[in-house]
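For reference, the structure is listed below as structure tokens.
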Amino acid sequence: MKLRNFLSAQLLFLLFFSSVSAKFKFIEEPTIRVSLTSNARSVSISSADSQLVSVSPDEQPKYLPVSKLTVSARAYRPPVFERFYFEIPNIVTKEEADQIVKDVKESLNETATVKIDSKTNSYRVRFGEVKESLEESTSYKEFLAEKGFEDTEIITEKFEQPSSDALTLSKQISLNSNSQVRSLILSTPSNTAINSNMVKLTSDILNPNLREVIVSGGSSASFTSLKPLTISSTNERTTPIRFNGKAYRGKLEMFVNGRGTLSVINVVKLEDYVRGVVPNELGLPSLEAQKAQAVAARTYAVSKIGQFANEGFDVFPTTQSQVYKGSNSETAMGNQAVAETKGVLALYNGKPIRAMYTSTCGGRTENVKNIYTDYDAPYLKGVECAIEGREYFDSLLIKSNREAAKIKDEKYLELVRIMSQFNTNGFQLNASRFTDEWFEQTPTDGETANWIGQLSQRFLKAVPQISSEFSKNIEFAKHLSSMLYTQELTDVLMVDADISYQLSFNDANEIPDNMRSNLAMLFRDGWLSLYPDATFRPNQKMSRSRLIRQIYSIYAKKKWLPTLQTGVTKSSVDGKLVLRNGKSERQLVINPGVFLFRQFGDTLYQVKETALIGGETVNYQTNAAGEVVYLEVKPSTTTALPERTSQFTLWNTSLSASNAQSKLARYVKGFGTLYDVNITKKGFSRRAIEIEIIGSNGKFKLEGGKIRSAFRLKEQLFVLNKRYDSNGRVASYSFTGRGLGHGIGMCQMGAYGLAKQGYKYDRILKHYYSGIDLPRSY
């Protein structure tokens, strides 16, 4: 098994990418390099396996019989070697030394040299070939003794000899000084073998700052290397490898960087990488939302391959790229989302997009050019977070097949709701729609009989034989009196003076004598009312509206009005009413003929349909089958956007003038004392994309995403207000805003909301990324 040079891997990717234009395809699942750290001095590596696998470029794998080891970096220590020379010391005169040189040449046919020993003020003669081992040197000394040179000494000399890897790495660094990878990634040339006679020649080209990787795993698993070192479990896709206790799929590669510390890179297959991203970027419980996130994360990673090639990785594991926490953070739903979208990439004109996404867009995303002023992309255009048009609310609608009331006279408006409640509680209704004309007309005999019959049952009285005459005011009063009082009671308790007092309205003289005491008691006790002109019109038949009001008044006094249940909604699902029930929910089926009312202002109006986004207060009544037959909806005050569950749909923050100055000064130099700040340009989404800074040194401007960064705001979508002091100077700035993040690309909370409404991941992605395709690319 060979470790592929990461630079070569990126080159292969680029070559393949350039070979396809209309159709983007990988030959195989790509690998992503994630920078876990670039400043480690010592790291702990472990696995549940009983052994670890170590691989370096151009080397066979090492199977280390340990489950845990430590890796660190230290200054390179060239190997130390010994050479053995032969000398005859302590020669008193130069003449004597020269004679020994002559004898060596004659006896041994070898050259010899004379050296002065300054310490002893004597001469030394060195001769013979340099030996590489002590055994060889001892044997040669014995040979010299036989030749008459018994006083020969063996001189040991130690020297450092850089390895061929060290010299090649030095060359690599000198040829690519911009690279932050300071471990050997080039193959060692075959012609760089070095012997002892090259010490002086090669010492000049050895980089003195080389550092090597040290592996410490006991006697059976300890070694050093100048190359990148990759360690994995024996099965890297099923058994994670642990770095400082955190588990990651794939391999861990370590190499020395330009700071002299260790870079630790998780080399992981793209699908495994995305499994470690999705739950950390969008962990909300919606499969389609997580599928959208999986495609966005996968595409973003592919678009960043080679971005940090000089530093040896592709992406960071943080918000600087996208949040990745390895295998321990994986979830069942996240893994399902990744599996069901395997290989799917978002492409624009056949190329992977830069799939930017934001937490909460505040209702609209922004054109990327307005935030990142040096970058533009046609697929990163600002869009409404909600699907535009009526379609967005379709999945949230509660509907009724009952015709909504058509009322022009406001006096009948409340009667629509009253009669709807009465009908759900047994009152006959022969109209398909409430109109002014219907309320103005006299009730039918059937309606009269039913309505008064319902009233009689409430009083626990026998229902009389009711004719159309019962709709006359006097007949209704007579029947009501019979249910409330006895004739004896009214005769005894109501004297003429009381009767005259209670019946002092305009047409009281038309009341029959035998009914005067009864009506007087009914008016006294508040059971009856007059017409607007202060008449009772005893012989006139009541309109439906008057009879309904009379009955409603009686029900109200007796506290017989229907008892409605109350609840707070969650978003409607499949046309059902969904109510919050603690941490769970309760779903109720809507009867097709439900009386449906929605509040506008302070008044309830009958409607044929209404959207329930969640958070509405409802009053409702169910029938024996548990279906909702009457429903009143008070709209939610929260946003109707799909991102409505985000805690950042609305926020406020304030800065003092001095605080605003100190923050702005980090981004705009030289404006002096801050006098004022104004928004001078807004983007598609109404985000501030340019502000004017007025200071003692003039006017300056700040553009794009730097505005949010400078003020340390949650988002750039805000309204700016100011508070002035007694001198008319700005004392503080307040920001009322929406959203969280940069506001570009897919809104994550919006994606969740759309998914909850039934939208599939591909529709969600195509909504936020304009003009993209979603093919499987491997």
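Solvent exposure of the chain, expressed per residue, is 48 Å² of accessible area, with all protein chains present and a 1.4 angstrom probe. In angstrom, the C-alpha Rg and Dmax of region 10-160 are 30.3, 90. What the Kirkwood sum gives for the chain is a hydrodynamic radius of 35.4 Å, with every pair of different alpha carbons counted. Under a Cβ-only charge scheme (Lys and Arg +1, Asp and Glu -1), can you give me the dipole magnitude of the chain about the Cα centre, in debye to the nearest 20? For this selection, approximately 1460 debye. Counting only DSSP H runs of at least 4 residues, each contributing -39500 (n - 2.57), and dividing by the residue count of the chain, the helix-based mean residue ellipticity at 222 nm comes to -8000 deg cm²/dmol. The Cys residues in the chain with no partner Cys Cβ within less than 4.7 Å of their Cβ are CYS385. The coefficient of translational diffusion for region 577-656, derived via Stokes-Einstein from the alpha carbon Kirkwood radius under 10 °C and 1.306 mPa s, stands at 109 µm²/s.
Positive end of the dipole of the chain (Cβ unit charges, origin at the Cα centre): among SER553, SER327, ALA73, the Cα lying farthest that way belongs to SER553.
Using a 1.4 Å probe on the protein chains only, how many percent of the accessible area of the chain belongs to carbon and sulfur?
Summing carbon and sulfur atoms, their accessible area is 47 percent of the total for the chain.
For region 462-517, report the convex hull volume of the alpha-carbon atoms normalised per residue, in Å³, without decimals.
89 Å³
Region 344-470 has equivalent-ellipsoid semi-axes of 62, 15, 12 Å, by the square roots of 5 times the alpha carbon gyration tensor eigenvalues, sorted largest first. Electrostatic tally near GLU311: other residues with Cβ closer than 12 Å to its Cβ, Lys and Arg +1, Asp and Glu -1, net +2. As a length-normalised measure over Cα pairs under 8 Å and 6 or more apart, the relative contact order of the chain settles at 14 percent. Extending 7 Å from Cα along the Cβ direction at ALA731 and again at SER122 yields two label points whose distance is 9.9 nm. The distance separating the Cα centre of region 161-185 from that of region 58-84 comes to 17 Å. DSSP beta bridges fully contained in region 541-669 are about 80 percent antiparallel.
Based on the Kirkwood radius over alpha-carbon pairs, what value in µm²/s does the Stokes-Einstein equation return for the translational diffusion coefficient of region 629-778 at 10 °C and 1.306 mPa s? D, rounded to a whole number, is 88 µm²/s. Dipole check for region 323-415: with +1 at the C-beta of Lys and Arg, -1 at the C-beta of Asp and Glu, and the Cα centre as origin, the magnitude is about 140 Debye.
Here the Kirkwood formula puts the hydrodynamic radius of region 587-710 at 19.0 Å, using every distinct Cα pair. Beta-bridge orientation, the chain: approximately 95 percent antiparallel, per DSSP, counting only bridges with both partners inside. The phi-based Karplus calculation (6.51 cos²θ - 1.76 cosθ + 1.60; θ = phi - 60°) puts the 3J(HN,Hα) values of region 642-659 at x, 8, 4, 7, 6, 7, 10, 5, 8, 8, 9, 8, 10, 10, 5, 4, 5, 5 Hz, whole numbers, x for Gly and Pro.
With each label modelled as a point 7 angstrom along the Cα→C-beta vector, the ALA332-SER658 pair spans 5.7 nm. Taken about its Cα centre, region 524-679 carries a charge dipole of roughly 420 debye when the Cβ of each Lys and Arg holds +1 and the Cβ of each Asp and Glu holds -1. Summing +1 for each Lys or Arg and -1 for each Asp or Glu among the other residues whose beta-carbon sits under 10 angstrom from that of GLY128 gives 0. Cα centroid separation, region 390-466 to region 266-289: 55 Å.
Dividing the alpha-carbon radius of gyration of region 497-567 by the rule-of-thumb value 2.2 N^0.38 Å gives 1.32.
The values are calculated or read from the model by the stated rules, or taken from the named source; none is laboratory data. What you see is a predicted model; the values in this text were computed from it and never measured. Every residue, glycine as well, gets a Cβ built from its backbone with ideal geometry; the counts of neighbours run over all protein chains shown. Only protein heavy atoms, including side chains, enter the accessible area calculation; ligands, DNA and RNA are left aside. Shrake-Rupley method; radii C 1.70, N 1.55, O 1.52, S 1.80 Å.
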